[in-house]
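Reading through the structure tokens given below for one structure.
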Amino acid sequence: MVRELSERELVEACKRGDREAFRALFETHKDKVYSVALRYSGDAAAAMDIAQETFLKLFSRIADFRGDSGIETWLYRLVVNSCLDQKRKSWRMLPLADEIARLLRAPGRNAADELLQAELRSEVQKAIAKLVPELRIVIILRYTEGLSYDGIAEVLACAPGTVASRLNRAHAVLERRLSHLNGKGGRHA
């Protein structure tokens, strides 16, 4: 019965302390929260901690939710803040690594291609892990979560222009750090 409620009705039920509504909200969003946390931290245990912290924040602050944005956007904001609080260095950015590998390798797969892809993935992960948190999180939200600039801006409570600026800065840093992969031999930043 609870799962049939609209998002707004579900939030209102949570505000009234309805345990089933909390459970439904958790079940609906747990995978997305864990996914963001895992991609940010790169560590399953740290991701579980981040997800737990995020849901504790959600449940303890649900009364503060005004509905100016959707609950999913508010939840993204909570998980982003939890990720930034963790300040972990290692994490995986496999979709972005795969994209770079796809662009750099020749058609046809063999053992050498597999080795190249693994090396590229490792290099990209290291470069992204070195980004400052404000740049790292926009990369995660854009490339692994597929959010638009407006969506990222809403999650981070900033202007879309700020998102564009941060993405441009992140791209520039990554380009410098990964320039050696395309044979240009640039210096490592």
Residues located in the stretch 33-63, provided they are of a type outside the set (A, V, I, L, M, F, W, C) and over 19 Å from R8 (Cα atoms):
Y34, S35, R39, Y40, S41, G42, D43, D49, Q52, E53, T54
Applying the selection to the stretch 52-96, what residues are under 22 Å from D150 (Cβ atoms), of a type in the set (K, R) and at pLDDT 85 or above?
R77
Can you tell me which residues in the stretch 33-47 are over 8 Å from the mean Cα position of the chain (by Cα) and in contact (Cβ under 8 Å) with a residue 60 or more places away in the chain?
G42
Which one of these is buried (at least 16 other Cβ atoms within 10 Å of the Cβ), in contact with a Ser or Thr (Cβ under 9 Å, 6 or more places away or on another chain) and more than 30 Å from K130 (Cβ to Cβ): L25, L10?
L10
Only one of A51, A21, A37 that is in contact with a Phe, Trp or Tyr (Cβ under 6 Å, 6 or more places away or on another chain), within 17 Å of W74 (Cβ to Cβ) and in a helix (DSSP H, G or I)
A51
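So that you can scan it fast, the table gives a plain yes or no per residue for (1) at pLDDT 80 or above; (2) closer than 22 Å to E72 by Cβ; (3) among the β-branched types (V, I, T); (4) assigned by TED's automatic domain parsing to the domain that holds A157:
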{"position": "I100", "(1), (2), (3), (4)": "no, no, yes, yes"}
{"position": "L104", "(1), (2), (3), (4)": "no, no, no, yes"}
{"position": "N110", "(1), (2), (3), (4)": "no, no, no, yes"}
{"position": "Q117", "(1), (2), (3), (4)": "no, no, no, yes"}
{"position": "R121", "(1), (2), (3), (4)": "no, no, no, yes"}
{"position": "A127", "(1), (2), (3), (4)": "yes, no, no, yes"}
{"position": "P133", "(1), (2), (3), (4)": "yes, yes, no, yes"}
{"position": "T144", "(1), (2), (3), (4)": "no, yes, yes, yes"}
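The values are calculated or read from the model by the stated rules, or taken from the named source; none is laboratory data. Here the structure is a predicted model, which means the values were calculated and not measured. Glycine gets a Cβ as well: all are built from the backbone with ideal geometry, and neighbour counts include every protein chain shown.
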